[in-house]
Amino acid sequence: GEKLAKEVYSRDNIRVLSRTSVYGYFRGGVFGLASHNKIYYVKPKTVVVSTGAVERFLLFPNNDLPGIMGAGGAQTLMNQYGILPGEKVLVVGAGNVGLIVSYQLLQAGAKVIAVLEIMKEIGGWFVHAAKLRRYGVPILTGYTLKEAIGKERAEGAVIVKVDDKFRPIPGTERKIECDLILLAIGLAPDTRLLAQMGVKMAWIPELGGLVPLRTRYMETSIPGVYVAGDSSGIEEATTAIIEGEIAALSAVLRLKGFIKEAFERREKLLKFLWEEYRSSPLLARARIGKEKATVERW
C-alpha cells in the first residue's frame, strides 16, 4: 500500500485530495466532496469506486457500551495510534480476522480470555488458531454472545452455547469478565455511493450482501463507472489490488481508445485472476459470488 501511494504522489498529473469524503452523487454526474476546509464539485469522465467494506455488528443487549467494537477498529487503534484498546478481551468470531487480531492483542500485552465461534468449526486457517492455542487461549466453538455487562462501559459478557439451529441452549450460560468485546463476524461491502448513483445491484450472500453487477472489465451498469475491491464483493487483499488495476486500465482504454500495452496488461491480469488465482479451493465461495455478479455485457 505504501509503495503504491508513493507512486501516486510522485505523478504530477494526479491530484490527491486527502482527508476528503464523497458525500453525494447528484444529477448531471456531479460528485460532492467535502474536505476539512473546502467543498468540491467534480464531474469526472470515468469513476473507479473502491470504497471497501464496513464491519458487521451483532444485536445483543448493551451492544452500545464503550469497549465494544469491531476487530478492524481495534487493529487501527493498535497499528496506527499505538493504543491498546483493552486489557481483558473477549473476541467473537474465529475467522482469520478474529484469530489474527487475537494474536496481535497478545503480542501487544493484552489477555485474550476466549474466542467464540457460533459454528461447530473455526472458519480461519489452522495455523492462526494454533498460535492462540499455544498461548492457552480457548477457542469455544458452538458458542455465541448473549449480552454485554456494564453500566458506563463493558465490564463483562454472558456467553451461551447454541444448538444445531443456532438457538441458545438454556442453562449453558457463562459469565466472562472482560473490558473489551471485539466483534470479528465479517464484512459487508460499502456500496452506498453506488446505490445512490443508480447502479444495478444484486444480493449475493457469497460476497457479503448487496453488490453492484459488473462486466469482467469491472464496469457497472452506468457507462464509465467501475468498481474494485471489497465494494465489489468481499474477497481478499490480493484480488482487490488486481481488480483495482483492471478497473483503472478499463478507464484508460475508455478515455484514450485502444492502447496495446494497456489492453495486453488487462488481459494478462484477467487470465491470472480467473484462471489461476481464483481456482484455489480457499477462494471457492468468493469465486462463485463473483461469477454471479459478472455479466457478459451491458
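The values are calculated or read from the model by the stated rules, or taken from the named source; none is laboratory data. All values reported here derive from a predicted model rather than from experimental measurement. Quick reminder, even Gly has a Cβ in these numbers, built from the backbone with ideal geometry, and neighbours come from all protein chains shown. In case anyone asks, the SASA skips ligands and DNA or RNA and just uses the protein heavy atoms, side chains included. Shrake-Rupley method; radii C 1.70, N 1.55, O 1.52, S 1.80 Å.
Observations on the model:
- Boolean, I242 is closer than 27 Å to E2 by Cα, part of a loop (DSSP other than H, G, I, E, B) and either open to solvent by less than 10 Å² (accessible area, probe 1.4 Å) or not basic (K, R) (or both): no
- Reported count of residues in region 66-88, each being closer than 14 Å to C178 by Cβ and touching an Asp or Glu at 6+ places or on another chain (Cβ under 8 Å), is 5.
- Qualifying residue in region 78-99 (condition: touching a Phe, Trp or Tyr at 6+ places or on another chain (Cβ under 7 Å) and within 23 Å of I159 (Cβ to Cβ)): yes
- In region 48-96, the residues that are in a strand (DSSP E or B), in contact with a helix residue (DSSP H, G or I) (Cβ under 8 Å, 6 or more places away or on another chain) and either open to solvent by 20 Å² or more (accessible area, probe 1.4 Å) or of a type outside the set (V, I, T) (or both): V48, A53, E55
- Residues located in region 219-239, provided they are in a helix (DSSP H, G or I) and surrounded by 15 or more Cβ atoms within 10 Å (Cβ to Cβ): G229, D230, S231, S232, T239
- Exactly one residue out of R285, R297, R265 is open to solvent by 90 Å² or more (accessible area, probe 1.4 Å) and under 19 Å from the mean Cα position of the chain (by Cα): that is R285.
- Any chance T239 is among the polar types (S, T, N, Q) and touching a helix residue (DSSP H, G or I) at 6+ places or on another chain (Cβ under 8 Å): yes
- Of all residues in region 139-190 being part of a loop (DSSP other than H, G, I, E, B) and open to solvent by less than 10 Å² (accessible area, probe 1.4 Å), the one that is nearest to Q104 (Cα to Cα): C178
- Qualifying position, being in contact with a Phe, Trp or Tyr (Cβ under 7 Å, 6 or more places away or on another chain), within 30 Å of R297 (Cβ to Cβ), in a strand (DSSP E or B) and not β-branched (V, I, T), among L210, L193: L210
- Flag: R174 matches the condition of being among the basic types (K, R) and either under 24 Å from R254 (Cβ atoms) or in contact (Cβ under 8 Å) with a residue 12 or more places away in the chain (or both).
- Residues of region 108-122 that are in contact with a helix residue (DSSP H, G or I) (Cβ under 9 Å, 6 or more places away or on another chain) and open to solvent by 60 Å² or more (accessible area, probe 1.4 Å): K111 alone.
- Beta carbons closer than 8 Å, at least 6 apart along the sequence or on distinct chains, pair a first residue in region 276-298 that is more than 23 Å from V199 (Cβ to Cβ) and free of Cβ contacts under 8 Å to residues at least 12 places away in the same chain with a second that is open to solvent by 40 Å² or more (accessible area, probe 1.4 Å) and assigned to a helix (DSSP H, G or I) for S279/R287.
- Of residues in region 9-37 being aliphatic (A, V, I, L, M) and surrounded by 10 or more Cβ atoms within 10 Å (Cβ to Cβ), the one nearest to S50 (Cα to Cα): V22
- R214 vs. criteria among the basic types (K, R) and crowded, with 23+ Cβ neighbours inside 10 Å: yes
- Pairs are defined by a Cβ separation below 9 Å, a sequence spacing of at least 6 or placement on different chains, a first member in region 22-42 that is in contact (Cβ under 8 Å) with a residue 24 or more places away in the chain, and a second member that is open to solvent by 60 Å² or more (accessible area, probe 1.4 Å); the pairs so defined are V22/T51; G24/Q196; Y25/Q196.
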